[in-house]
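Below is one structure, written out as structure tokens; the observations come after it.
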Amino acid sequence: MMLMIPIKIQCGCGQRYAFNVEPICGRMPSQIACPVCGSDGTIAANEVIAYDLAARQSTHDDGRTGVMVFAVMGCMIAGLVGVLKAFTMSGGVDVLLCLLGATTAFGMALCVYFWKR
Ligand SMILES: [Zn+2]
């Protein structure tokens with residue numbers, strides 16, 4: 001299944017960059033970095049992919065919407081836990097790991113969804 005998703009990222013440094021990607025299991029197949037400051041844009045890209053896939057599902061696949069809602073709900077809860085953890089931690093690396101964990105949970109839920117198709 002070839003599915004190229006256009007990604008547009010607004011970096012923290014103010015630089016905008018865009019590219020197309022074929023997601024693997026609802027996630028970026030490789031890391032992406034800002035062309036100007038070099039800061040990691042993979043997490044932002046994964047979020048764009050997740051939203052794009054969710055939007056595609058809701059418009060093209062009516063029968064599976066309930067499953068998708070369930071998956072998204074699980075993702076939101078996982079993401080919320082990640083954010084809460086990030087707030088209670090002081091270290092920047094720990095915050096990053098938490099966000100990474102939340103994003104992974106997001107990808108996992110999407111992965112399970114596509115696996116059952
Ligand atoms: Zn940047």
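Annotations
- Checked against the criterion of being assigned to a loop (DSSP other than H, G, I, E, B) and either of a type in the set (Val, Ile, Thr) or in contact (Cβ under 8 Å) with a residue 24 or more places away in the chain (or both), the candidates Gly12, Gly38 yield just one match: Gly12.
- Residue satisfying condition, being surrounded by 15 or more Cβ atoms within 10 Å (Cβ to Cβ), modelled with pLDDT under 90 and either in contact with a strand residue (DSSP E or B) (Cβ under 7 Å, 6 or more places away or on another chain) or closer than 16 Å to Met108 by Cα (or both), within set Gly26, Gly41: Gly26
- For segment 14-58, residues that are within 16 Å of the ligand (Cβ to nearest atom) and at positive phi total 2.
- Pairs with Cβ under 6 Å, 6+ apart, first in segment 21-35 and free of Cβ contacts under 8 Å to residues at least 12 places away in the same chain, second assigned to a strand (DSSP E or B): Ala33/Asp40
The values are calculated or read from the model by the stated rules, or taken from the named source; none is laboratory data. None of these values were measured; they are calculated from a predicted model. Don't worry about glycine lacking a Cβ; one is built from the backbone with ideal geometry, like all the others, and counts go over all protein chains shown.
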